[in-house]
Each structure stands twice: as C-alpha cells, then as structure tokens.
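What follows draws every value from the coordinates through simple rules; no lab data is involved. Nothing here was measured: the structure is a model prediction, and the numbers come from that model. Heads up, the Cβs are rebuilt from the backbone with ideal geometry, glycines too, and the neighbour counts pull from every protein chain shown.
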C-alpha cells in the first residue's frame, strides 16, 4: 500500500475515477458495481478497526511469516484521501446471461471496473490500494448492506509523494514477480 | 462480441498483450493468472462446440428472451485471430494474504489482468471478447487442466474493421447503460 500525503482529491477528478470504473465491460451489460463513499470520520474509523482485526487474524494464520506480515503496510484507511467500499449488489440471480454456469462473473466485472479506476487514478498521480483484509459480514452490518449484497474491496485512494518502483511486496521481499512467459501454455495445461 | 476480420496478430504485439495482463496488481502478489493459447484448429473447434452447447442452454434458461438472445453475436471463436483460455491455477489454498475471508480475490486479480489486456488490445486496434458461456468441467477435460484449476474466460482476440459505438448489448437493445451516479452511495447502502 502507498504512503498517502492526505491532499484532497478535487471533486471533478473523483468523478473521473468513478466514471472510468463505470466504463468497464460487464457480463450481459449487468454493471454489477456499487461504490460506497465514506465521508463520515466515525465510519472510516470503524472500517479501520474491522481491517485491523482481520490483519491480526491473517498474521496468525500465516504462522512463521506472522511478524514479517505485520511489518508490511497493508492498508491506508486513515491516511488516504478517499475510502470507497466496492460491492456487488443483491438480486443478482436474475442475471443469467454469461452467468448460468459461472455466477462469479459479476465479481469479474466489478474487478474490471476497479482496474479501470486504478489506471485512471495513476494518470492523475493518485495511488490506489485494494484492501481485502476484512470480514464481509462486519462491513455489511456497518454500512446497512442488504443480505444478498457482497463487499469485495475497501479502496484507499489518494495522492502520494512517491510510487513504488516495483510492487511493494517485491520491494519488501514478501514475494517475487515472475516473467510472463511462465503464465502461458499452448493448447494444453502444463504444470 | 466484435466481428473479427481474421488478420493475424504479429507475435510481438501478442506478447505485449500478455505482458500488459501480467503487469496487473494481484492479491499478495500471487499472480494467479494462466493463459492457454489455442493454436490447434481441432481444439479451437472443440471449444466452439462446448460454447455452442451452453449458448443453447442459456437461451432456454432465458425463457421469453430466448430468440432475442439467440440472435446476438455472443462469441467469435471461429473468426477471431487468437483464442485464449484464461484460468486460475490449482494449489491456490496456500495463498492466505488477502484471501483468508475472501478466497475469491484470485478471480479478482485475474480479472484485473484481463482488463489490462483489453485496454492494451484497444490501443492496437484489436478487439477482445470475454466468453463465459461454457461448462467449466468440459473445458478442463479438453485442455487437461488439473482438478483444482478453474477456467473463467475464453478470450476471442483479433483485429476488427469496426468497433461498436456503444456496448453491443445496448446497440442491440438487450440492456441499457445507466449513469455512474446511480452506482455510488455515501456512508450507507441505499436501495
């Protein structure tokens, strides 16, 4: 996660980011993305606390890498300019086009929207971090979300004085990038 | 889905598209994307037949919109330049970072990679269509994929003489785009 400098995002640029997300392709033109903008400092703090709980749980689950994980900056909820919760809406079962055998295509579409926002933000020198360290039911309860909805991202958005040269987890020696040639096969799966 | 003109994609540009995908962010730097490039005409035909089966199943499931659905161009497997199957690899359960409560974040990362490829393709005047009309077990069997893997997209990639002015499903009156302002809420869910 970037280190944010707290500078406010002008409303016009914020709109551009949401619009970039909204221009993403979606399965059956379902547009299954919803964004909850957090402007209430109390709600932001509650979200931070929910993430902090899961950060501890994840650290424990990682066993021997617990301390290493705890030293990483994995969220920027209290220091970013804008916190957005990205979610899938309820009543999705009526959308059959492209989802009869692959219902999870709604998440795929929402992810495309977030990636669009990510790239649009970078053009504006705005950093974005996707936090998935949280317990979905806790976020749903906090934000009054309906039963069939599903929060999938807490987005930390804001200006930063410095972008990482490499992915942060590589700079911190958590994991290594590989070459793209390792990700492609021809005609048949190869282990 | 675009109408492809069949012109071959130069190998260098094909590499750029895969590389753009591979530059996507991923949960815990997991890079959970795999692409199977289909160069065998027989395998391509088998994929087409699997999609055609699901196209009929989906049409039936749509009930009163069956005929309307059947008139749409929902795939371009036989006329595009490159067919790629995008999949999640097996042995994903060891990746806990960002996935303890949200294991589906691997699909989110793969979707970000595909969206990157989509945008990179557009820059080259190459169209891309994401087909999710297929039964995953049939694709797995055809391509010898391991049990824990999961195919999520058949990507049809190729040059086109004309891009749609609006999303194809809007041009064909299947669905209507909405304004992005409908997708954003503040601090609390609103129906």
(request) Give me Rg over Rh for the stretch B:4-66, both radii from the alpha carbons and Rh done the Kirkwood way, two decimal places. (result) 1.12
(request) Pairs of Cα atoms under 8 Å, at least six residues apart: use those to get the relative contact order of the stretch A:11-140, whole percent. (result) 44 percent
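So for the stretch A:96-177, what are the equivalent ellipsoid semi-axes in whole Å, largest first, each being the square root of 5 times an eigenvalue of the Cα gyration tensor?
Numbers: eigenvalues 154, 58, 42 Å².
After scaling each eigenvalue by five and taking roots: 28, 17, 15 Å.
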(message) How far, in nm to one decimal, is residue B:165 from itself in the other copies if the label point is set 7 angstrom along Cα toward Cβ? Shortest first, please.
(response) 4.9
(message) So the label point sits 7 Å from Cα along the Cα-to-Cβ vector; using that for residue A:11, what distances do you get to the other copies, in nanometres, sorted shortest first?
(response) 5.5
(request) Do me a favour and compute the ellipsoid semi-axes for the stretch B:11-172 from its Cα gyration tensor, root of five times each eigenvalue, largest one first, whole Å. (result) 26, 20, 17
(request) For every helix of n ≥ 4 consecutive DSSP H residues, a contribution of -39,500 (n - 2.57) applies; sum these over chain A, divide by its total residues, and give [θ] at 222 nm rounded to the nearest 500 deg cm²/dmol. (result) -11000 deg cm²/dmol
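Among B:183, A:45, B:91, which comes first, second and so on when ranked by fewest other beta-carbon atoms within 10 Å?
Working: B:183 19, A:45 13, B:91 10.
The most exposed by this proxy come first: B:91, A:45, B:183.
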(request) Quick one: compute a quarter of the convex hull surface over the Cα atoms of the protein assembly as shown and quote it in nm². (result) 18.2 nm²
(request) Compute the separation of the alpha-carbon centres of the stretch B:116-191 and the stretch A:125-139 and state it in Å as a whole number. (result) 23 Å
(request) Given the options A:77, A:56, A:126, state which has the largest fluctuation in a GNM of chain A using a 10 Å cut-off (strictly under) for Cα springs. (result) A:56
(message) With both bridge residues required to lie in the protein assembly as shown, what share of the DSSP beta bridges run antiparallel, to the nearest 5%?
(response) 85 percent
(request) Mind telling me which of B:64, B:181, B:75 comes out most flexible in a GNM of chain B, alpha-carbon contacts under 10 Å? (result) B:181
(request) Note the distances from residue A:122 to each other copy's matching label point, with points 7 Å along the Cα-to-beta-carbon direction, in nm, sorted shortest first. (result) 1.5
